[in-house]
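The structure under discussion appears below in the form of C-alpha cells.
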Amino acid sequence: MATAQRITGVHVPHSKSKRSIGRGATVAAAIAVVAAVTLPMAAHAADAAPTTPAAAAKLHDDFNGDGYQDLAVAAPRGKVGGKVRAGYVAVVYGSAKGIDLAHKQVISQDTPGIPGAAEAEDYYGDGLAAGDLDGDGYTDLVVGAQGEDVGDVVSAGTLAVLWGGPQGLSGGTAVATGTEEDRVDPLRPALGDFNGDGHLDLATGNRLLYGPFDRTAGAASSHRLALEAECFTDDVAAGDVDHDGTTDLVALIHDRSDDDLHDPDAKHRRAVYLRGTADGLSAPAPLKNPDGTRMRGGESLGIGDVNKDGFGDLVIGRPVDGSGEVPLEDPLLKGGQIGVVYGSADGPDTSRTTIITQGTPGVPGSPEWGDGFGGGISVADVNGDGYADVSTGSGTEGIGDVYAAGQFTVLRGGKSGLTGDGAVSMNQNTANVPGTAEQNDFFGAETKLLDVGGDGRPELFVSATGENRDGGVWAFPNPVDAPTATGSVSFGAGTLGTVADGSALGAGFAR
C-alpha cells in the first residue's frame with residue numbers, strides 16, 4: 001500500500017528543497033532562439049565511421065553481451081548511504097529462462113567507478129537509456145540525475161554513461177554537466193543515429209550529444225537543443241519515422257506553467273518533429289492537424305511500426321484528463337487515451353491517426369475520470385508477426401472501490417494500425433499476479449517490453465511506484481504471443497537488498 005500521493009504521468013513528482021528542473025523540464029528561458037536548433041558548446045576530434053545500419057541494431061539492452069536483453073530500472077528517490085532521495089539504478093540480467101533475479105546489480109553514485117557521489121535529492125536514475133555508445137558490442141547505460149548539484153549550482157543536472165562489458169555494467173563517464181545558465185534536462189534521454197554516421201547519438205529535452213562516445217572524453221560533440229522557447233518537455237522518443245535509414249526525434253512539450261500540470265489542455269500541449277539528416281537533426285517542426293490547428297501532444301511517447309508499412313509510427317499516451325475538474329476539448333480524453341500518428345516519407349502524417357481508449361471495442365475496462373490510461377508507453381512486437389504492439393499503464397485506475405490501484409493493457413498492431421482487438425489487461429487482483437490491488441499502488445506507472453529470454457517474444461515488465469510505500473517491478477512471461485500471469489514474478493527492495501524508504505522503484509525503465 002502506498003502513500004496518498006497521486007501520479008498522473010510516468011514519474012512520481014519530486015518534493016524537495018532544492019530548486020528542481022521539474023518533471024520533463026525544459027528548454028530553459030535562456031534558449032530563446034528557436035530557429036537555432038543546435039548551438040555548439042564543445043567538441044573533440046573523432047574518427048569518422050562509414051554509414052551503416054548497425055547503430056539501430058545496437059539498441060539491444062544487452063549489458064554483458066551474453067545474447068540476452070537485460071532490464072534496467074530506476075529508483076530515483078532511493079536512500080543511499082543514509083542520503084534520502086539520492087537514487088539508484090537496479091539491473092536484472094536476462095537468461096534462457098527469462099529474468100534472473102539472482103543475477104543483478106544495484107548501482108548508485110557511491111558505487112566504485114561511477115561518476116559523482118550519492119547526495120540527498122540527487123534523484124540519480126531519473127532518466128535511463130540503453131545502447132552501445134562506444135561501439136564495442138556491449139550495451140551501455142545512460143543515467144540522468146536531475147537534482148545533482150555542480151559546485152554552487154543547485155540542481156544543475158548531469159548525464160553519465162555507464163559502460164557495458166563481459167561482467168555487465170562497470171565504471172562510467174560524465175557526458176553532460178549543467179551550469180547556472182544551462183541546466184541539464186536528463187529525464188527522458190533518447191538514443192538514435194541522428195546523422196546517419198553509424199554512431200549512436202543522445203538527445204534529451206535540451207541536449208544533443210553526437211557520437212561516437214569515448215570512455216575518457218565523452219561525446220564527439222555537445223550542443224544545446226532548442227525545441228521551442230519557454231517550454232516543458234513531457235517526453236522524447238527516437239525512431240525512423242520517414243524510413244530513410246536515419247533516426248528522427250519527436251518531442252512532446254507544453255508551455256511553462258506549474259499551475260496547469262494536471263490540465264490536459266494546459267498551455268497547448270503539442271508535439272514537434274525533428275528529422276534526422278546527414279547534417280544532424282533538422283529544425284523542430286510543430287505537428288499540425290490537416291485543418292492547420294496544432295495537434296494535441298501528450299505525456300508519454302513511443303515510436304514503432306504498428307502497421308508494418310516500414311515507417312515508424314508515433315504512439316502518444318495522453319493519461320492526463322483533468323480528473324473531471326476542467327472542461328475537455330476532446331471528450332474521448334476522459335480516462336486517458338492513446339493517439340497514433342502514422343509515419344510517412346514526409347514524416348508524421350496527421351491525416352492518418354487512430355485513437356484508442358478504454359471505450360474502444362476489445363479494450364478491457366471503461367473510461368473513468370483519472371484512470372491514467374496511456375501512461376508508460378512501450379512499443380515492441382509481442383507476438384512476432386511483424387506488427388509492433390503497445391503496452392501502456394493506467395497507474396491511477398481504480399480496481400473496484402480501491403483508488404489508484406492501477407493496471408496495464410497490451411494493445412495489438414495490425415494491417416490497419418493499432419486496434420483494441422485481442423487487447424490484454426491485468427491488475428494485482430488478476431489470478432496468479434503477485435500481490436493485491438491496494439490504494440495508491442500505482443501499478444502500471446511504467447511498462448517495458450523487453451526480450452530477456454532471447455526467444456524473440458518480449459516479456460512485459462510493469463512497475464508500481466507506490467507498492468509497499470517503496471515501489472516494485474513485475475515480470476510477465478510471454479510463452480506464446482501475449483504476456484501471461486502464470487509464472488509472473490515481482491521484486492522490490494527485499495530482492496535487491498536496498499533500503500525500503502519511498503524509493504519509487506519503477507519510476508522509469510531504460511528506453
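Tabulated results
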{"item": "Hits in the stretch 135-155 - residues which are part of a loop (DSSP other than H, G, I, E, B), closer than 19 Å to ALA219 by Cα and open to solvent by less than 40 Å² (accessible area, probe 1.4 Å)", "result": "THR139"}
{"item": "The stretch 318-348: number of residues that are open to solvent by 40 Å² or more (accessible area, probe 1.4 Å) and closer than 25 Å to ASP305 by Cα", "result": "3"}
{"item": "Criterion violated by PHE408 - all others in (1) surrounded by fewer than 24 Cβ atoms within 10 Å (Cβ to Cβ); (2) free of Cβ contacts under 8 Å to residues at least 60 places away in the same chain satisfied", "result": "(1)"}
{"item": "Among (1) open to solvent by 10 Å² or more (accessible area, probe 1.4 Å); (2) modelled with pLDDT of 95 or more; (3) of a type in the set (A, V, I, L, M, F, W, C) - the single one VAL462 does not satisfy", "result": "(1)"}
{"item": "Those residues of the stretch 178-216 which are modelled with pLDDT under 95 and of a type in the set (A, V, I, L, M), in sequence order", "result": "VAL184, LEU187"}
{"item": "Condition met for GLU397 (out of contact with any strand residue (DSSP E or B) (no Cβ under 6 Å at 6 or more places or on another chain) and either at pLDDT 95 or above or open to solvent by 10 Å² or more (accessible area, probe 1.4 Å) (or both))", "result": "no"}
{"item": "Filtered residues of the stretch 181-233 (kept if β-branched (Val, Ile, Thr) and open to solvent by 10 Å² or more (accessible area, probe 1.4 Å))", "result": "THR216"}
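The values are calculated or read from the model by the stated rules, or taken from the named source; none is laboratory data. A quick note: this is a predicted structure, and the numbers were derived from the prediction, not measured. Note: ideal-geometry Cβ built from the backbone for every residue, glycine included; neighbour counts use all protein chains shown. Heads up: the accessible areas ignore ligands, DNA and RNA and are worked out on the full protein's heavy atoms, side chains in. Shrake-Rupley method; radii C 1.70, N 1.55, O 1.52, S 1.80 Å.
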